[in-house]
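Colleague: Quick one: the structure is below, and I'll ask about it shortly.
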Amino acid sequence: MWKFLHKLASPPHFYDLSAKMIPWFAIIGGIFIMYGTIAGLFFAPPDYQQGDAFRIIYVHVPAAYLSMMAYMIMAISAGIGLIWRIKLSHAVAAAAAPLGAWFTFLALATGMIWGRPMWGTWWEWGDPRMMSELIMLFLYFGYMALRAAIDDTVKADKASAVLAIVGAVNIPIIHFSVEWWNSLHQGSTLLRDGGPAMPAEMLYPLLAMIFGFTLIFGALLLGRVRTEVLFRERRSRWVRNLVCAQEGRNE
Amino acid sequence: MSELFAMGNYGVFVWSSFGLTLIVLLVCIAQGNWHHAAVLRDIKTRIRAMELDK
Amino acid sequence: MNERESEPPGLSQGLSSIVRRDILLAWKRPGDVLNPLFFFAMVSTLFPLATGPSAAQLAFSGPGVVWVAALLAMLLSLNSLFLSDFEDGSLDQLILSPQPLPLLSLGKAIAHWLVNGLPLVLVSPLIGVSFQMSGQTITVMLLTLFFGTISLSLLGSIGAALTVGLHRGTALLSLLILPLAMPVLIFGARTVSLAANDTAVSAGIYFLAAYCMLALTLAPFATAAALRISNE
């Protein structure tokens, strides 16, 4: 087991293996998303309260879930990199941040588009989830800005890892404080809670979308980690051999 | 058919959010590929420079 | 260590000496202490000028204004927390000293609070009065600012340690710290405005006290780790 993990963490091996994994992730994820989109848009019955607008959750929920997932991946792999000094782990953290920021943006944007017909406003200050997502976006920006400000990769890895961990400790506190803040607002009754549990025709497409998006996210993440590995190992022999072999094939 | 796409008057919202999702996914893919190509290009120039030095 | 050398000073002595040193340094350069205070007072003056002088409006926006101004004033002073130590090399000495670095980081944060946070808390009643706050509201505001500024000093010391020695550190520091400081702002400002409406305030004050304790226990370790990384 340890031998396998050790081998996986070696950059050239990871570079080869991930190249083989990415198409599988993308194809299977794509199939699930295609099923989820078609079933969600055309076959799921309209919601009894929200009508057809509820179909936005088929993209909103996966995006929101992945925006949090990406932060967890980032913080955990940053912690692993800081404690056990695994270089690949830092590369994962660096790659997860921009993807997380994109998915947070997507969650916010689709949430706003949903809010317009449902609440009658693009931006509802009283909704704790939207506030949490917005603060999460700021946390991603801070992480990426710190990384960009430090030229030395090793130093950038460690410093941003400390920030990611401090942020991870703070996220539950932020969420709690935003909920408390909202609980004092009166009359912001949301339609989300209450109502019967989701029927299966609504639920299965959603589960398929979540699973498909996770796989696509995995493919995107692996792709970015490969770029990070290539950049970090740019002076090593295996990268030189790899690039030279590619050149030879092209000419 | 057009009724199917109207989504009970919520069509603009539903289709724009699905469209935006598609755009963000494509941007993510393009950004990743572009970055990868840039790093590869960088390494190639470095190798050429080293060969010229010899 | 050579046995003949004198014993290193105890933990409390190490803590108190670094606090004393930083306060002494601040005393020598009073401008650094006064600037954030003036900033605090001036930002609080800007809001009534921008929104109009009606008493009802001032009473309504007062808690938020005081808290935002306090947060920004604290941020302003945080940038220089480790800067002079970094430039003259005393940061190396701190890291190499036999005292545990988290303890020294705690000392730096305490000194920062005594020099920047405490005067701000003491000045805030003046601004509270100008915003038509009642005596009870001002007491609550003092309590929230007391716990809040301690938390901000500790939280900010992490950010200051991460950005020390970087170009354009100030803007970066705000970008790192502001999202993390949002719970403090939310609880601080909301609790004061609850007090202004004669509603129960204990929950907010308990939260701020708990956050302050959490920051006191965890932040020094993060700051110490960040200092080691920044000073490599």
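What follows draws every value from the coordinates through simple rules; no lab data is involved. These numbers come from a predicted model, not from an experiment. Cβ sites come from the backbone with ideal geometry, for glycine too, and all protein chains shown count toward neighbours.
Colleague: What do you get for trypsin sites (Lys or Arg not before Pro) in region C:108-194 restricted to DSSP loop and a cutoff of at most 14 other Cβ within 10 Å of the site's Cβ? Mind dumping the intermediate values first?
Modeller: Working: sites: C:Lys108, C:Arg168, C:Arg190; in loops: C:Arg168.
Sites meeting the loop and neighbour criteria: C:Arg168.
Colleague: Relative to the first principal axis of the alpha-carbon coordinates of chain B, what is the inclination of helix B:11-53, with its axis defined by its Cα atoms, in degrees from 0 to 90 and to the nearest 10?
Modeller: 0
Colleague: Can you list the aspartates and glutamates whose alpha carbon is less than 14 Å from that of A:Lys7, not counting same-chain residues fewer than 8 positions off?
Modeller: Partners found: A:Asp16.
Colleague: Another one. Give me the angle, in degrees from 0 to 90, between the Cα long axis of helix A:57-84 and the longest principal axis of the Cα atoms of chain A, rounded to the nearest 10.
Modeller: 40
Colleague: Which one, A:Tyr204, A:Tyr48, A:Tyr71, has the greatest fluctuation when you compute a Gaussian network model over chain A with C-alpha springs under 10 angstrom?
Modeller: Checking each option, the largest mean-square fluctuation is seen for A:Tyr48.
Colleague: Quantify how strongly other chains surround peptide C:222-231 by giving the mean number of their Cβ atoms within 10 Å of each of its Cβ atoms.
Modeller: On the way: counts 5, 2, 1, 7, 6, 1, 2, 11, 5, 0.
Average neighbour count from other chains, rounded to a whole number: 4.
Colleague: Give, in whole angstrom and from largest to smallest, the semi-axes √(5λ) of the equivalent ellipsoid of region A:70-173, with λ running over the eigenvalues of the Cα gyration tensor.
Modeller: Values: eigenvalues 187, 30, 23 Å².
Largest first, region A:70-173 gives 31, 12, 11 Å.
Colleague: Using Cα pairs under 8 angstrom and six or more residues apart, how large is the relative contact order of chain A, in percent?
Modeller: Values: 255 pairs, mean separation 85.7, N = 251.
RCO, chain A: 34 percent.
Colleague: Based on other C-beta atoms within 10 Å, arrange A:Met68, C:Met213 from fewest to most. Don't skip to the end; give the middle numbers.
Modeller: Working: A:Met68 18, C:Met213 13.
Least to most surrounded, the residues fall as C:Met213, A:Met68.
Colleague: Would you list, by chain and number, the lysines whose Cα falls below 19 Å from the Cα of A:Lys155, excluding same-chain residues fewer than 8 positions away?
Modeller: Cα-Cα hits under 19 Å: A:Lys87.
Colleague: Also, I was wondering about something else. What relative contact order, as a whole-number percentage, does chain C give when Cα pairs under 8 Å and 6 or more residues apart are counted? Working shown, then result.
Modeller: Working: 262 pairs, mean separation 61.9, N = 232.
Reported as a whole number, the value is 27 percent.
Colleague: Can you put C:Val19, A:Val61, A:Val162 in order, fewest other beta carbons within 10 Å first? Don't jump to the answer; show the numbers that get you there.
Modeller: Working: C:Val19 21, A:Val61 17, A:Val162 26.
Ordered from fewest to most neighbouring Cβ atoms within 10 Å, C:Val19, A:Val61, A:Val162 come out as A:Val61, C:Val19, A:Val162.
Colleague: Here is a follow-up. For region C:11-230, with only Lys/Arg (+1) and Asp/Glu (-1) charged at the beta-carbon, what is the dipole magnitude about the Cα centre, in debye rounded to 20? Mind showing how you got there, number by number?
Modeller: Numbers: 8 positive and 7 negative charges, 9 e Å.
That gives a dipole near 40 debye.
Colleague: Bin width 5 Å, alpha-carbon pairs only: give the P(r) of region A:88-135 as whole percents, running from 0 to the bin holding the largest distance.
Modeller: Per 5 Å bin, starting at 0, the Cα pair percentages come out as 5, 20, 23, 18, 12, 9, 6, 5, 2, 0.
Colleague: What helices does chain C have that are whole DSSP H segments, at least 24 Å long along their own axis by Cα, and with mean Kyte-Doolittle hydropathy of 1.0 or more?
Modeller: C:30-51, C:55-78, C:135-163, C:169-196, C:202-230
Colleague: How would the protein assembly as shown be classified by its alpha-carbon gyration tensor: rounded, prolate or oblate, with rounded meaning a/c under 1.5 and the a/b versus b/c comparison settling the rest?
Modeller: Working: a/c = 2.35, a/b = 1.15, b/c = 2.04.
It is oblate, given that a/c is not under 1.5 and a/b is not larger than b/c.
Colleague: Lys/Arg Cβ at +1, Asp/Glu Cβ at -1, dipole of chain B taken about the Cα centre: which of B:Val24, B:Ala37, B:Gly8 is farthest positive-ward?
Modeller: With unit charges placed on the Cβ atoms, the residue in question is B:Ala37.
Colleague: Return the Cα extents of region C:11-230 along principal axes one, two and three, sorted largest first, each rounded to a whole Å.
Modeller: Principal extents (largest minus smallest coordinate, Cα): 56, 32, 29 Å.
Colleague: Determine, for C:Ile95, A:Ile33, A:Ile56, B:Ile43, the number of other Cβ atoms within 10 Å of each Cβ, and report the residues in order from fewest to most. Could you put the intermediate results ahead of the total?
Modeller: On the way: C:Ile95 14, A:Ile33 24, A:Ile56 27, B:Ile43 21.
Going from sparsest to densest Cβ surroundings: C:Ile95, B:Ile43, A:Ile33, A:Ile56.
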